[in-house]
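Please read the structure below before turning to the comments.
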Amino acid sequence: MNYAIRQGMSRSAFTLIEVVTMVIVLAIAVPPTLEILMSNTASRANVINTGRATMLASNVLEGIMADVSSSDESLGFEALADASVYLDTPTTGFYSRMSTATQSFTSRGMTYSVQIGELVAADGMVSGDVGDNVFRTVTVTVSYPSADGAAYTLPVSLMVSSL
């Protein structure tokens, strides 16, 4: 009778062979899966950092466009003629004025620089007709870290004018 009861019962445990097989399958499957997840995490971090770098460049360019449009006598399009004074003057220079707005980016290891070009025509080239040279190309270059420690740079340019 005892034998009949045992045969009618369902099996509720794993055999040693099943456990060993499961451990081997997991040992083979888990490392590549973790590697894929880590790679995807690094790629996502790079996408996020690129988005942040783009936001920083946009914020800086918007600040410069606001200065170019300003009626303040120390700003305006003419202030760009002497880039070092416009950018580097303590307290009133562009870098000083933007420090609060850029702090959340720089605290994440991002840096930026601004280059202000010479007067050019609408095609970006210096024209023989001085009256055509009414634009300046402003380039903001943002440097930021990647997930693997390499440094990326993102240059963004804009032409501004007093017109």
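List, please: which pairs have Cβ atoms under 7 Å, are six or more places apart or on different chains, and start with a residue in the stretch 78-103 that is surrounded by fewer than 12 Cβ atoms within 10 Å (Cβ to Cβ) and end with one that is in a helix (DSSP H, G or I) and small (Gly, Ala, Ser)?
Pro90/Ser96
In the stretch 148-163, what residues are surrounded by 15 or more Cβ atoms within 10 Å (Cβ to Cβ), within 16 Å of Thr111 (Cα to Cα) and more than 11 Å from the chain's Cα centre (by Cα)?
Val156
A quick yes/no check of all residues on (1) of a type in the set (A, V, I, L, M, F, W, C); (2) within 30 Å of Ile48 (Cβ to Cβ); (3) in a loop (DSSP other than H, G, I, E, B):
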position: Leu75; (1), (2), (3): yes, no, yes
position: Ala101; (1), (2), (3): yes, yes, no
position: Phe105; (1), (2), (3): yes, yes, no
position: Ser143; (1), (2), (3): no, yes, no
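Take the stretch 145-157 and flag every residue that is in a loop (DSSP other than H, G, I, E, B) and of a type in the set (Ser, Thr, Tyr).
Within the stretch 145-157, Ser146 is the sole residue that qualifies.
Out of the stretch 44-57, which residues are in contact (Cβ under 8 Å) with a residue 24 or more places away in the chain and more than 13 Å from Ser113 (Cα to Cα)?
Ala45, Asn46, Asn49, Thr50, Arg52, Thr54, Met55
Any chance you could count how many residues in the stretch 113-141 are in a strand (DSSP E or B) and of a type in the set (A, V, I, L, M, F, W, C)?
The total comes to 7.
Could you grab me the full set of residues in the stretch 1-25 that are modelled with pLDDT of 75 or more and loosely packed, with under 11 Cβ neighbours inside 10 Å?
Answer for the stretch 1-25, where residues must be modelled with pLDDT of 75 or more and loosely packed, with under 11 Cβ neighbours inside 10 Å: Thr15, Leu16, Ile17, Glu18, Val23, Ile24, Val25.
Being in a strand (DSSP E or B), of a type in the set (A, V, I, L, M, F, W, C) and farther than 30 Å from Ala45 by Cβ is the requirement here; does Val160 meet it?
For Val160, the condition - in a strand (DSSP E or B), of a type in the set (A, V, I, L, M, F, W, C) and farther than 30 Å from Ala45 by Cβ - is met.
Looking at the stretch 112-134 only, could you name the residues that are surrounded by 15 or more Cβ atoms within 10 Å (Cβ to Cβ) and within 20 Å of Val156 (Cβ to Cβ)?
Matches in the stretch 112-134: Tyr112, Val114, Ile116, Gly117, Val120.
Consider Leu75 against the criteria (1) touching an Asp or Glu at 6+ places or on another chain (Cβ under 6 Å); (2) closer than 16 Å to Met159 by Cα: it satisfies all of them except one. Which criterion is unmet?
Status for Leu75: all satisfied but (2).
Residues checked against (1) closer than 30 Å to Thr141 by Cβ; (2) at pLDDT below 75; (3) among the charged types (D, E, K, R); (4) over 26 Å from the mean Cα position of the chain (by Cα):
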| position | (1), (2), (3), (4) |
| --- | --- |
| Ile36 | no, yes, no, no |
| Ile48 | yes, no, no, no |
| Arg52 | yes, no, yes, no |
| Asn59 | yes, no, no, no |
| Tyr86 | yes, no, no, no |
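The values are calculated or read from the model by the stated rules, or taken from the named source; none is laboratory data. Only a predicted model underlies this, so the values are computations on that prediction, with no experimental measurement involved. Every residue, glycine among them, receives a Cβ derived from its backbone with ideal geometry; neighbour counts consider all protein chains shown.
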